[in-house]
Amino acid sequence: MQRAMLNRATIEVADTAEVSGRLTADKVNLDRFQNLIRKVRATLIPSSLRWILLFAVLIVPQVLRGAASASATPQTWHATVGAESSDKGRQALAFLPNEIWIHAGDSITWTFDAHEVHTVTFIPDTGPRPFFQLVDGSSTATFDNSTTVSSPGGFADLGGVFGQPPPPNAFTKGDTFTVNFPTAGNYKQVCLFHQNMTGVVHVLDATQELPHDQDFYDREAADQRRDLLSDRDGRSVAACGGCAACNSLKAHVTAGIGEISATAGGTQPWAVERFLTDQIFVRAGDTVEWTNQDPMEAHTVTFGTAPTGLALFNPTPNVTMDTDGALRGVVSSLTDNVSSGIIAAAAQDPNSGMGNQTPLGLTRFRVTFPNPGAFPYRCLLHDDLGMKGMVIVFPKNVPPK
Ligand SMILES: [Cu+2]
């Protein structure tokens, strides 16, 4: 112990000597350097010239910068729409970034970066939100707050709902939409497919300074994309084994899950467009329950042939409603056509005094399987992203896996 203390004292003395030695050496070097500068300055630069140099260093760049912003040529900014995991199952339903400051006369080009469909739509002030099915859209537009402009909506997501094929200009991953903004103002940006996917474009007068450059928005978009695609919340489901519901329900499947996050510019949801789990094992006579746990995204649970046209949105006629509001069907064979129609959370209520309360959403679908077999099913809105599942029914006396 004694020796350890002595050793430490010796080390400290040595350290102090070394540090003070280093400081002295640094001070000497600094003094030499300053003397050299003084000599060079006195020899090479007369005092009158020093003022001119100071002017050149401090004043000229400011003047040039002012001239540049006053005569700025219109600029095209870049942003992205949506993002997805490599298996397309996880989707960021977001404008990335969802808040951009530009000058009047500038344009923004949005690149669509996901297989899930979106629109980039600007609606004058508090004007009506058009049906996405009816928006033809284009790949370039000018928004001056007088008429709605949008990238194409159409029927791309619905595989020919109303018996119509997808429009030839339906947007897919990699397509771009460019909007020019000639007039200063703050414009809300929305996706007609996804209610909570919003943003804002601040269009400033050309004399005002912009807060950020393109590099900033690229970094911000990358950060938001990573956060939305890596969010792991909300995947656990409460475990229960003994209550009455568990005794009558033999399996549960989450039919989509998601969250809505926000920035100062608007809301940015993420969604898992999958059945979790996509394969379940039950016995003949068991009932499986699907629940949609996404705050915004709609899904269907569809066995057999898909209904066409508007019927896609509704339960097939063989589906009934339980007293607790859940939908119920029976799938006895592979030729049964049974579909939940849309199951989705209710839209958010308007604020107090601002309108009527929205009705409860249809978020549960129960299907009983009386006979053994393997029954494939899918979501009619997202099967193109891989939202498909299978119910494997064992005979009554064979325990499921
Ligand atoms: Cu779906």
Hits in the range 386-401 - residues which are under 24 Å from THR287 (Cβ atoms), within 16 Å of the ligand (Cβ to nearest atom) and either part of a loop (DSSP other than H, G, I, E, B) or modelled with pLDDT under 90 (or both): MET387
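Yes or no, residue by residue, for (1) hydrophobic (A, V, I, L, M, F, W, C); (2) assigned to a loop (DSSP other than H, G, I, E, B); (3) surrounded by fewer than 11 Cβ atoms within 10 Å (Cβ to Cβ):
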{"site": "ASN318", "(1), (2), (3)": "no, yes, no"}
{"site": "GLY325", "(1), (2), (3)": "no, yes, no"}
{"site": "GLY329", "(1), (2), (3)": "no, no, no"}
{"site": "SER332", "(1), (2), (3)": "no, yes, no"}
{"site": "GLY341", "(1), (2), (3)": "no, yes, no"}
{"site": "ALA347", "(1), (2), (3)": "yes, yes, no"}
{"site": "SER352", "(1), (2), (3)": "no, yes, yes"}
{"site": "GLY355", "(1), (2), (3)": "no, yes, yes"}
{"site": "PRO359", "(1), (2), (3)": "no, yes, yes"}
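Examine the range 206-214 for a residue that is among the polar types (S, T, N, Q) and closer than 28 Å to GLN348 by Cβ, and state whether such a residue exists.
Residues of the range 206-214 among the polar types (S, T, N, Q): 207-208, 214.
Now restrict to residues that are closer than 28 Å to GLN348 by Cβ: none.
No.
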query: Does the range 264-272 contain any residue that is more than 20 Å from the chain's Cα centre (by Cα), within 12 Å of the ligand (Cβ to nearest atom) and assigned to a strand (DSSP E or B)?
result: no
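Inside the range 310-322, can you point out the residues that are out of contact with any strand residue (DSSP E or B) (no Cβ under 7 Å at 6 or more places or on another chain) and either at pLDDT 95 or above or within 16 Å of the ligand (Cβ to nearest atom) (or both)?
Taking the range 310-322 first, the residues out of contact with any strand residue (DSSP E or B) (no Cβ under 7 Å at 6 or more places or on another chain) are 310-314, 317.
Hits for the range 310-322 are LEU312, PHE313, ASN314, PRO317.
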task: Could you tell me which residue of the range 369-385 is farthest from the chain's Cα centre (by Cα), considering only residues that are surrounded by 17 or more Cβ atoms within 10 Å (Cβ to Cβ) and either more than 11 Å from the ligand (Cβ to nearest atom) or β-branched (Val, Ile, Thr) (or both)?
output: PHE369
- prompt: Do the conditions hold for VAL331, that is, is it aliphatic (A, V, I, L, M) and either away from the ligand (no atom under 13 Å from the Cβ) or without any contact (Cβ under 8 Å) to a residue 40 or more places away in the chain (or both)?
  reply: yes
From SER86, SER139, residue being surrounded by fewer than 23 Cβ atoms within 10 Å (Cβ to Cβ) and free of Cβ contacts under 8 Å to residues at least 12 places away in the same chain: SER86
query: Pairs under 7 Å by beta carbon, first residue on the phi > 0 side of the Ramachandran plot and at pLDDT 95 or above in the range 293-309, partner assigned to a loop (DSSP other than H, G, I, E, B) and within 10 Å of the ligand (Cβ to nearest atom), six or more apart or different chains?
result: none
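In the range 297-316, which residue that is crowded, with 18+ Cβ neighbours inside 10 Å and under 20 Å from THR277 (Cα atoms) is farthest from the chain's Cα centre (by Cα)? Spell out how you get there, then give the answer.
First, pick out the residues of the range 297-316 that are crowded, with 18+ Cβ neighbours inside 10 Å: 297-303, 307, 312, 315-316.
After this cut, where a residue has to be under 20 Å from THR277 (Cα atoms) as well, the list is 297-303.
On the way: GLU297: 12, ALA298: 16, HIS299: 18, THR300: 22, VAL301: 24, THR302: 27, PHE303: 30 Å.
Once the filter is applied, the top-ranked residue is PHE303.
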query: In the range 350-368, what residues are away from the ligand (no atom under 16 Å from the Cβ) and at pLDDT below 95?
result: PRO350, ASN351, SER352, GLY353, MET354, GLY355, ASN356, GLN357, THR358, PRO359, LEU360
query: Here are some conditions: (1) away from the ligand (no atom under 16 Å from the Cβ); (2) in contact with a Pro (Cβ under 6 Å, 6 or more places away or on another chain). GLY341 meets all but one. Which one does it not meet?
result: (1)
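The values are calculated or read from the model by the stated rules, or taken from the named source; none is laboratory data. Computed from a predicted model, the values in this text were never measured in an experiment. So basically every Cβ, Gly included, is an ideal-geometry build from the backbone, and we count neighbours across all protein chains shown.
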